[in-house]
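This report concerns only the one structure given below.
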């Protein structure tokens, strides 16, 4: 199938992916770091700018396509997944990157995100989560934590936030990963997402320096990285804090818990080995309470299944097999009758 | 129009069985029953046999939005009306000559429409105490003399059907399902139709359950034999409606939904494009998605989206990637698509949007017909968002309109809306099967090399018609970004400075306005190019206006009929044409929307003639309006 074909690698540099447009994000915005990470990653993937399409909705993150020198389509609020679906079905050879945010992808466009993931359309979805509406000036978003004061919630928000990665898994995503804007590991996460055949969902925690400054500093700051970040690697134990702590599965109550690792003997401490195909543990990892646990980062889940466009094309192919596109036959389908010239009593007059 | 049958002729028994001098030119029959009685199927099969007999015809399926409303209720009545004749037929007929009522509710709901002295065929087996109560009859109307002004033919169709299918050992419920075939058998006898095509159809339909095929055929034959033998008691006689004069060639019947599907496929082939159709189930537009899902060999990909917005968004995405994007819905769904249409206008991408109008506002009347989405089509988007709009006037015309919509979309890089309605979508008429060779292709050429050597590609550089190039992603060296934000001319770079927005708004408007010079000039469909009165219609009112004007002109009245296909922009000559008449009346199934557009565009004193009952205009209503205007 076409979507499983490995595209020919093209030699590019970071510069080749920069467009001539002036970047219009606020100075210091986390989006700059993500843009650079993407522009740095694409040459490493051998990606071809002519076959790469960045599709976005509306919001700060959705300005992204303008700054890439590939093809790009800045669409309407929340609907980018639906546009991407049509693009991919029309031309499965295109490499689609969907750029969205917590408002765009989880609120107004939640329905489309859900169905895009459920259908499993081969693409990379980058959800910039800054837990706030930036472009509309600071209203709370569906990922804002309880009590978030904002122009629409002056006394603090009262609704519970949603977890984008849990949502993605619930919708049937076959690839779920997490990173954050300034992380040096982000390119690795992006590469894994790109390697995944299917819809690859990547939540990127992003610092909105104007409306939600340092919201994620409690785990993104260098000083706390060791204790607050758990970088997952397939086949490796879930260790953090320089290998002195890890996560263990409490089999009595079926939840994850933190254990101390003595002298690096993680086996003795029963530390769980990360298996990217384990869906149940993936659910647990993305739902770990941020306050009590390190934040699970990297590839949480990666278990490919056939893509939607592949299945549609295969079905179309079978349906077309041996059939000719004969319009005359199509028009005359069903029961027909012939009026002979001999019986002709002249054409109908309209007047 | 021809003298229609009057029941005086009908209730005189004729031994000959063939009527010559007294045979009417057209007959209107309405089949009415419970929504589960199979009336639409009965009507559809009767239509087919009528077409095969060479009559001209028009149909009007009229059914409730409930799939199977509670049995026997007034709101659960489903009806199918057909007008057929040996002369030209262009409406489903004002008043039925024959009403087939399968239960008391069907009789009650439809009786008022029946022509005085028309024929009622009723199934006494269903006129039980319980059913009479459900239909809110205190006394059985078949017995109290209240139907005296009509001809009544009442017998126990239920019992006769049970008797006919007894040998097949079906359960009571299944056996009674054959009632519609019994009734159809009688109707085929009345109008001298062959049974064989129907027998073939039943055999094919029940190929996996031959017992059901046999039972239905037995019921059909029994109904036919019932007419043939003396059992009817001379109340009704056989009528032979001669074939209507038709140009020689191959014909089939076609509904509007079928015609649009075929027209879209033809349009995509003429444009040499694969088609992508994004849809979401909605009454009465779903049939188009169903049809196209079976036409994959024509390069059609169909996508049932998660909602109306996703359906249009995916279609726009496909257009962006180089396919012909098409989406279809009805009013409520079109409302949801509005924002995305704006993006297609802004990004300047081709797209065809089909609106099968139904009664509104909100959920309104899902299965009934109305023309009340004209404002929505022409004006219903945020911003200055000009978009061409085309309206089909009949099932067969919908085929050509679909091709025209595709042509305008790809030649002008614009979304185009095609208006049809529930009436056109479901109604059937004979269609002269066209020769595909007869259409002029309009192949699309995508840009493959830069239009700005030495500089960056200019995706929004306009040609002399104001049209930008279509550039497929995947094309080497032509990378660019598009979107819904205002953009600089030529480069398409994000730019919403004051002069740029002024310039681009003007350019988008000029492009769409200019289409007026690339569509056929408006013709007068009947009558003269100047005169005392013009009836200016659009869409499915065509048949009724046509016949009303024909009758009025036969009486010597100075009235002409203009029927507008290109609603926006309108043909360049339309304004001058309208100024040639003393009076202009605009009949439409809304509260005066096209009238307002005409007044606005041409300062013409167009008068409204409106109907919003969910039912099409009758010829008589329009005739009366013509006479009043010229009195």
Within segment B:581-604, residues out of contact with any strand residue (DSSP E or B) (no Cβ under 7 Å at 6 or more places or on another chain) and in a loop (DSSP other than H, G, I, E, B) come out as B:589, B:603
Residues that are under 30 Å from residue B:283 (Cα atoms) and away from chain A (no Cβ under 14 Å), drawn from segment B:417-453:
B:417, B:418, B:419, B:420, B:421, B:422, B:423, B:424, B:425, B:426, B:427
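With the requirement that a residue be in a helix (DSSP H, G or I), without any contact (Cβ under 8 Å) to a residue 24 or more places away in the chain and within 10 Å of chain B (Cβ to nearest Cβ), what does segment A:304-333 give you? Walk me through how you get there before you give the answer.
Filtering segment A:304-333 down to residues in a helix (DSSP H, G or I) leaves A:308-320, A:327-331.
Those still in the list that are without any contact (Cβ under 8 Å) to a residue 24 or more places away in the chain too: A:311, A:315-320, A:327-331.
Matches in segment A:304-333: A:315, A:316, A:317, A:318, A:319, A:320, A:327, A:328, A:329, A:330, A:331.
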How many residues of segment B:68-95 are assigned to a loop (DSSP other than H, G, I, E, B) and within 26 Å of residue B:159 (Cα to Cα)? The answer is 6
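State all residues of segment B:96-132 that are touching a helix residue (DSSP H, G or I) at 6+ places or on another chain (Cβ under 9 Å) and either without any contact (Cβ under 8 Å) to a residue 12 or more places away in the chain or in a loop (DSSP other than H, G, I, E, B) (or both); if no residue qualifies, say none.
The initial filter retains those residues of segment B:96-132 that are touching a helix residue (DSSP H, G or I) at 6+ places or on another chain (Cβ under 9 Å), namely B:96-106, B:108-109, B:115-128, B:131-132.
Passing the criteria: B:96, B:97, B:102, B:103, B:115, B:116, B:117, B:118, B:127, B:128.
Go through segment A:77-91 residue by residue and tally those that are more than 7 Å from chain B (Cβ to nearest Cβ) and surrounded by 22 or more Cβ atoms within 10 Å (Cβ to Cβ). Steps first, please.
Filtering segment A:77-91 down to residues more than 7 Å from chain B (Cβ to nearest Cβ) leaves A:77-78, A:80-81, A:88.
Then keep just the ones that are surrounded by 22 or more Cβ atoms within 10 Å (Cβ to Cβ); that gives A:78, A:80-81, A:88.
The number of residues fulfilling the criteria is 4.
Looking only at segment A:61-76, which residues are facing chain B (nearest Cβ under 8 Å) and either within 21 Å of residue B:381 (Cα to Cα) or within 16 Å of the chain's Cα centre (by Cα) (or both)? Let's see the steps before the verdict.
Narrowing segment A:61-76 to residues facing chain B (nearest Cβ under 8 Å): A:65-66, A:68-76.
Within segment A:61-76, A:65, A:73, A:74, A:75, A:76 qualify.
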Are any of the residues in segment A:153-164 touching a residue at least 40 places away in the same chain (Cβ under 8 Å), in a helix (DSSP H, G or I) and more than 30 Å from residue B:475 (Cα to Cα)?
yes
I'm trying to understand the selection: among the residues of segment B:259-274, which are within 10 Å of chain A (Cβ to nearest Cβ), over 18 Å from residue B:437 (Cα atoms) and buried (at least 24 other Cβ atoms within 10 Å of the Cβ)?
B:261
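Provide a single number: the residues in segment A:95-113 that are within 8 Å of chain B (Cβ to nearest Cβ) and touching a helix residue (DSSP H, G or I) at 6+ places or on another chain (Cβ under 6 Å). Walk me through how you get there before you give the answer.
In the first step, residues of segment A:95-113 are kept if they are within 8 Å of chain B (Cβ to nearest Cβ); the result is A:111-112.
If we keep only those that are touching a helix residue (DSSP H, G or I) at 6+ places or on another chain (Cβ under 6 Å) too, we end up with A:112.
Going through segment A:95-113 one residue at a time, the tally reaches 1.
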Residue A:3 meets each of (1) surrounded by 15 or more Cβ atoms within 10 Å (Cβ to Cβ); (2) over 21 Å from residue A:184 (Cα atoms); (3) at pLDDT 95 or above with one exception, condition (3)
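When you look at residue A:246, is it surrounded by 13 or more Cβ atoms within 10 Å (Cβ to Cβ) and over 23 Å from the mean Cα position of the chain (by Cα), yes or no? Don't jump to the end; show me each part of the working.
Details: surrounded by 13 or more Cβ atoms within 10 Å (Cβ to Cβ): yes; over 23 Å from the mean Cα position of the chain (by Cα): yes.
Yes, satisfied.
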Where residue B:248 falls short, out of the listed (1) within 8 Å of chain A (Cβ to nearest Cβ); (2) buried (at least 18 other Cβ atoms within 10 Å of the Cβ)
(2)
Considering only segment A:257-289, state which residues are under 19 Å from residue A:302 (Cβ atoms) and either part of a strand (DSSP E or B) or in contact (Cβ under 8 Å) with a residue 40 or more places away in the chain (or both).
A:273, A:274, A:275, A:276, A:279, A:282, A:283, A:285, A:286, A:287
It is to be established whether one or more residues within segment B:315-324 are surrounded by fewer than 24 Cβ atoms within 10 Å (Cβ to Cβ), more than 9 Å from chain A (Cβ to nearest Cβ) and in contact with a strand residue (DSSP E or B) (Cβ under 9 Å, 6 or more places away or on another chain).
no
Count of residues meeting criterion [within 25 Å of residue B:254 (Cβ to Cβ) and either in a strand (DSSP E or B) or within 14 Å of chain A (Cβ to nearest Cβ) (or both)] in segment B:34-67
19
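Here are some residues: B:31, B:75. Which one is touching a helix residue (DSSP H, G or I) at 6+ places or on another chain (Cβ under 6 Å) and more than 14 Å from chain A (Cβ to nearest Cβ)?
Working: B:75 fails: touching a helix residue (DSSP H, G or I) at 6+ places or on another chain (Cβ under 6 Å).
After applying the criteria, what remains is B:31.
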Conditions (1) more than 30 Å from residue B:275 (Cβ to Cβ); (2) within 13 Å of chain B (Cβ to nearest Cβ); (3) buried (at least 24 other Cβ atoms within 10 Å of the Cβ); number of the one not met by residue A:18:
(3)
With respect to residue B:55, determine if the residue is crowded, with 24+ Cβ neighbours inside 10 Å and without any contact (Cβ under 8 Å) to a residue 60 or more places away in the chain.
no
I'd like the full set of residues that are more than 13 Å from residue B:38 (Cβ to Cβ), in a helix (DSSP H, G or I) and touching a residue at least 40 places away in the same chain (Cβ under 8 Å), limited to segment B:170-193.
B:175, B:185, B:186, B:187, B:188, B:189, B:190
Here the residues within segment B:508-531 that are buried (at least 16 other Cβ atoms within 10 Å of the Cβ), away from every other protein chain (no Cβ under 14 Å) and not in a helix (DSSP H, G or I) are B:519, B:522
Within segment B:462-507, considering residues that are in contact with a helix residue (DSSP H, G or I) (Cβ under 8 Å, 6 or more places away or on another chain) and away from every other protein chain (no Cβ under 14 Å), the one farthest from residue A:17 (Cα to Cα)
B:465
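Out of curiosity, is residue B:545 at pLDDT 95 or above, in a helix (DSSP H, G or I) and either within 14 Å of chain A (Cβ to nearest Cβ) or touching a strand residue (DSSP E or B) at 6+ places or on another chain (Cβ under 6 Å) (or both)? Talk me through it step by step, then tell me what you get.
On the way: at pLDDT 95 or above: yes; in a helix (DSSP H, G or I): yes; either within 14 Å of chain A (Cβ to nearest Cβ) or touching a strand residue (DSSP E or B) at 6+ places or on another chain (Cβ under 6 Å) (or both): yes.
Criteria met by residue B:545.
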Need a quick list: helices (runs of 4 or more DSSP H) entirely within segment B:253-320 having at least 1 residues that are closer than 28 Å to residue A:72 by Cα.
B:256-271, B:308-320
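Report the residue count in segment B:282-310 for those that are more than 8 Å from chain A (Cβ to nearest Cβ) and touching a strand residue (DSSP E or B) at 6+ places or on another chain (Cβ under 7 Å). Can you show your working first?
In the first step, residues of segment B:282-310 are kept if they are more than 8 Å from chain A (Cβ to nearest Cβ); the result is B:282-294, B:300, B:302, B:304, B:308.
Now narrow it down to the ones that are touching a strand residue (DSSP E or B) at 6+ places or on another chain (Cβ under 7 Å): B:282, B:284-285, B:288-289, B:292-293, B:300, B:302, B:304, B:308.
Total meeting the criteria: 11.
Examine segment B:346-357 for a residue that is more than 21 Å from residue B:565 (Cα to Cα) and away from chain A (no Cβ under 12 Å), and state whether such a residue exists. Spell out the reasoning first.
Within segment B:346-357, the subset more than 21 Å from residue B:565 (Cα to Cα) is B:346-349.
Subsequent filtering for residues that are away from chain A (no Cβ under 12 Å) retains B:348.
Looking for residues that are more than 21 Å from residue B:565 (Cα to Cα) and away from chain A (no Cβ under 12 Å), one finds at least one in segment B:346-357, hence yes.
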Quick one: count up the residues across segment B:177-197 that are surrounded by 15 or more Cβ atoms within 10 Å (Cβ to Cβ), at pLDDT 90 or above and more than 17 Å from residue B:121 (Cβ to Cβ).
2
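Go through segment A:169-229 and tell me which helices (runs of 4 or more DSSP H), entirely inside it, have 2 or more residues that are crowded, with 22+ Cβ neighbours inside 10 Å.
Working: elements: A:186-195, A:217-220, A:225-228.
Counting at least 2 such residues, we get A:186-195.
The values are calculated or read from the model by the stated rules, or taken from the named source; none is laboratory data. Since we're looking at a predicted model, the values are computed, not measured. Virtual Cβ from ideal backbone geometry, glycine too; neighbours counted across all protein chains shown.
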